[in-house]
Amino acid sequence: MLRGRESLIRLVGKRRRFLPNRQSLLSIPSSPQTPTPTPARGGSSVNGTASPAVEEDSSRNLEDEEEGDGLNGGEKEWVDCPVCCSKLPAQDHLINSHLDACLSRGTGTKRKLTQPTLFQMNFCSPSTPQLPAPHLKIDSTIPDVSANEDDGNPPCTSPVTHVETPRDAAFDMVVGDEDGINSKAHPSSLPAVNEVASSHTPVSMDDVSEAIIQTYIVGRRFSGEKALRVGANISLLREPNNAKDPNAIKVVLADSSCDTLLGYLPRDLAQYVSPLIDKFSLTFEGHIISVPKSSFDAVPIQVMCRQVMLNVCSDHNEIKSFTGLWKNLLRIVESAKDSPPNTTKYRQNFCLLIQEALKSNLHVFTDDEKDFLESFSSLMEDSQRLFVRLYTRKGPWFRISNISYPEVSDLQQATKELSATGYIVSFETANEIEKNDVKEIMYLLSVSELREISSMLKKGCNSGTRKKDIIMSLFSSYEDGLCPLLPSAIMDQTGTCLKISPKSEFLLWRAERLFFLNGEQDLTAFLLVDMGKVKYPTYRCIVLEAMFSSRSDLLAYEEAIEVAQMMDESLDDNNIELALRCTRIAESHIFPPTARGIESTVPAAFFTYFSASWVYSKVVFLGISILERERRYKDAINLLKHLLACFISDGRRGYWTLRLSIDLEHIGCPNESLSVAEDGLLDPWVRAGSKMALQRRVLRLGKPPRRWKVPTFSGSITKKIREVCIQGRPLNCENGAKSRFYGEDGEQCGVELLALQYYAGEGGGWQGVHTESGIWLTIFGLLMWDIIFSDVPNVFCNRFQTAPLDLETDSFYPARKSHIESQLQKIRDGMAEEILITSWESYSGMACRGVNWDRHPLLELRAAVTCIGGPCLALLCRHLAQDYGSWSSGMPDLLLWRFHGDYRGEAKLVEVKGPRDRLSEQQRAWLLLLMDCGFNAEVCKVSPVPRST
């Protein structure tokens, strides 16, 4: 695979069926144009020739640009409009005129909450920094949102929020004070929507005993009792050993002597009921209110607390804990009235995704787009269920005769409503089919149906028997005008067909992208959590700034993703011409920093990952790989120089500089190649393996007469790494194939397992694992868990993240420096094993980047950290914390350890190389770093046993 292809595939994620800007992008002249960009955050830039989407946005905000294009205003003072985010000169008459224009368009009530308020923008005195209630738009119907059980703060669904994840979240409004320090707004300053009383107000025992709780029995598929009756008595019992949920509460028949299981309480309710039962010995009984038609639907029940321990009020902390739990329980019960659990949880998840995407990014949608997405929740439930089902299927076309879902009771009415509202496109007659749709609809037909059509139209299938060949033959005849009746013949076979409309597909793709902030996750993430397959860590989303500061930034980013998808598709089709065309398009959209204009604020490093220029840089680099493969080194050199000129603060500069130096040598320019390598070593963004490779190039190219002085780093580069040579019986000797040997037990194995057997025996009685980077990243994740998921603004934006957005950037360490240094000191002092055990017991099974719970058992991890020792382990963790992106790969293959007594031991790290293998620069950099940190590191070379003559 080409270098950079895998990264581009992850970036594109789920491919879109319809690319709205494809034609306009391909029609742009291929030569790079003189840039006339608008300033964009994070280094993104918009080409002077805007796409139709950008032109539409520009026309909508023409007045804003005329008044707010103040980034080059010399000594003038500029402020942000809190409604549309435009730049404005700090002059009263301009501000008032601009605000009048914004508010007259109806955007005033939908202002972007991530911007500071009017009072904080010098529009009036900053001495009264309060949030005016009319500007707050709070949606009280979003499920899975709850208050924190400790503070009892009222929920608030503003984009500027603290969110408790992964399942139920506390939203606390955050405001910026005069000094730029964030503080929580007092609950009294927020609107009284879904307000939960503070846990400091005690709950009386009478309130608890008299409360009637209406909820549901879910998980009916786990019950063997299918026949239910209204009024049947039930009890709630704890099931702490439940593998899916340690807070699980099962509902059983009270009249049964064997506690017949009926199902479970909803998970979000059980998390508050379970501690009430465990800690305060509450008991709950009740009865079934009604019986649903389907045996798998949620069953409405009513329960009451029958027993309350009298000593609950004996301790102040217990009173506070009890009150918080009870009031959160009541709030969950109240919120469930608007969204009762049922068998179509996917519909609720879909609605939640839309609502969250709109709520946090309202400023990037037009009024028409907002109205369209918001209209989904007003559709009939059958229509919603049908649409979500179709949206998650492959498509794009569906035969309505083949659509059948038990939860969709009226398919015809649902189809009619979805078609009328523009969510789907349906064809009933051949006259409605467009030429481009004919080929796609034919894939709905079976081979026998295609043959029947071919026979009826008297077109032979000489092209083959495969479905694809028959379709190509028929469509080719149709394009040539030889089969004008083909659409009618197709419709006779398929009947009514439908597909997701381009508008709904595009807007929902955007909503998913804004919600997950990547292309790899989709609605499946909700499903995996609901099924208990994946558990995400608990963290707080403190969102103070939107990822896309303006609509134009988002449109530019989406256009860049389209170019990336076209690049990916062209490589699938081996269309090198189109791939290089995409490369030229991407190049024309990347500008040096001086051409981007002056930015009012410097964004966090990870914000650049969501800029158009970042996406285009990946496309250009993949194009460079294509050019190098075709030995077009001069073209590759020009693109590499362009990237290095445009991205001056980027961790990829090391590899770009290395490729530039290599390509210059390819075209016979060793002096320039040497100069590039030497300049690269002065670049602070050239690190790890790339820096090692450039140093080695300088030593090789910089010999007399080009350079007479030996570089100061020559001693560290030529430092000898200890080598151990072992022999084995080879199984294969083919070039390019992975080396295989017979192990000491006679079984086939790789060189790593053969080395493990050697070290376990005559190599010194070592225990160990073949892990490469896996065990180190697992140890780092467990030792730094609380720091990784600590409260840092803007790094957590949804409840489906396995790491903060800044983990692989230079901003990770400075933002948490005091906490990291404190943790490293504990590790140096020998507390690593204790921290490891605590994290394992507290977070086992939760998804965290780098942590592999199944591959590395706790016993191995404890042995490793004990034998490595605190000082060495602390140094390793510091390097990962300071530059996770550069050092998270290339670690030695084997981690070995052996004990001297019960609590003392030693460790060794070994890189294993086969007969035709050699160290990469990243591996060499790691070995030298480990040796400098005090580790015992070496290389084990495996060679075949010489044949006897």
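Just a few scattered comments:
- Between the alpha-carbon centres of the range 500-544 and the range 209-262 there is a gap of 31 Å.
- Annotation: per residue accessible area for the range 690-756 equals 64 Å², rounded to a whole number [probe 1.4 Å, protein chains only].
- Label zone at A243, where the point sits 7 Å out along the Cα-to-Cβ direction: the range 526-548 residues whose backbone N lies under 20 Å: 527-536
- The range 496-584: relative contact order as a whole-number percent, Cα under 8 Å and 6+ apart: 12 percent
- 24 Å Cα-Cα threshold exceeded, pairs from K370/K499; K244/K826; K14/K618: K244/K826
- Trypsin sites (Lys or Arg not before Pro) restricted to DSSP loop in the range 521-618 with at most 12 other C-beta within 10 Å: K533
- Residue order by solvent-accessible surface for I433, I779 is I433, I779, largest first, with ligands and nucleic acids left out and a 1.4 Å probe.
- Solvent-accessible area, 1.4 Å probe, carbon plus sulfur percent, for the range 510-597: 49 percent
- Mean separation of Cα contacts under 8 Å (6+ apart) over length of the range 828-949, as relative contact order %: 22 percent
- Charge dipole of the range 780-887 (Cα centre as origin; +1 on each Lys and Arg Cβ, -1 on each Asp and Glu Cβ, all else neutral): 40 debye, rounded to the nearest 20.
- Overall form of the range 491-573 per C-alpha gyration tensor (a/c, 1.5; a/b vs b/c): oblate
- Selection among N361, I403, Q384 by position relative to the dipole of the range 355-404 gives I403 as farthest towards the positive end (Cβ unit charges, Cα centre).
- Near-label residues of the range 502-525 by backbone N, under 18 Å of a point 7 Å along Cα→Cβ of F18: 502-513
- Computed FRET value (nearest 0.05) for D469 with R221, which takes r as the C-beta separation and R₀ as 41 Å: 0.40
- Cα lying deepest toward the dipole's positive end in the range 517-607, options Q565, A546, L528, charges on Cβ: A546
- Label-point gap, in nm, between L527 and R399 - each point 7 angstrom along Cα→Cβ: 2.3 nm
- Positive dipole terminus of the range 635-728, leading residue within Q727, P705, Q695 (C-beta point charges): Q727
- Here each label is just a point 7 Å from Cα along the line to Cβ, and for R10 and E821 those points are 3.2 nm apart.
- For the range 814-907: rounded, prolate or oblate by the Cα gyration tensor [a/c cutoff 1.5]: rounded
- Theoretical gain in end-to-end length, E318 to R918 [0.36 nm per residue, Cα-Cα removed]: 209.7 nm
- Modelled label reach - E407, point 7 Å along Cα→Cβ, the range 220-258 residues with backbone N closer than 19 Å: 220-223
- Only Lys, Arg, Asp and Glu carry charge here, each on its Cβ (+1 for the first two, -1 for the last two); on that basis the range 325-411 has a dipole of about 500 debye about its Cα centre.
- Annotation: extensible slack from R849 through E762 equals 27.6 nm (criterion: 0.36 nm per residue apart, minus Cα-Cα distance).
- Size of the range 700-848 as Cα extents on the principal axes (Å, biggest first): 56, 54, 34
- Loop chymotrypsin sites (Phe, Trp or Tyr not before Pro), the range 707-765 (other Cβ atoms within 10 Å of the site Cβ: 13 or fewer; DSSP): W708
- Between the C-alpha center of the range 688-754 and that of the range 358-434 there is a gap of 58 Å.
- Additional length obtainable on full extension of the chain from A211 to K439, 0.36 nm per residue less Cα span: 75.9 nm
- Using a Förster distance of 56 Å, the FRET efficiency for E630-E432 (Cβ separation, nearest 0.05): 0.80
- Cα gyration tensor category, rounded, prolate or oblate, for the range 489-627 with a/c compared to 1.5: oblate
- Here the simple spin-label model places points 7 Å from the Cα toward Cβ, and for D932 and S281 these points are separated by 6.2 nm.
The values are calculated or read from the model by the stated rules, or taken from the named source; none is laboratory data. Remember, predicted model here, so these are calculated numbers, not experimental data. A quick note on method: Cβ atoms are made from the backbone with ideal geometry, for glycine too, and the neighbour counts reach across all protein chains shown. In case anyone asks, the SASA skips ligands and DNA or RNA and just uses the protein heavy atoms, side chains included. Shrake-Rupley method; radii C 1.70, N 1.55, O 1.52, S 1.80 Å.
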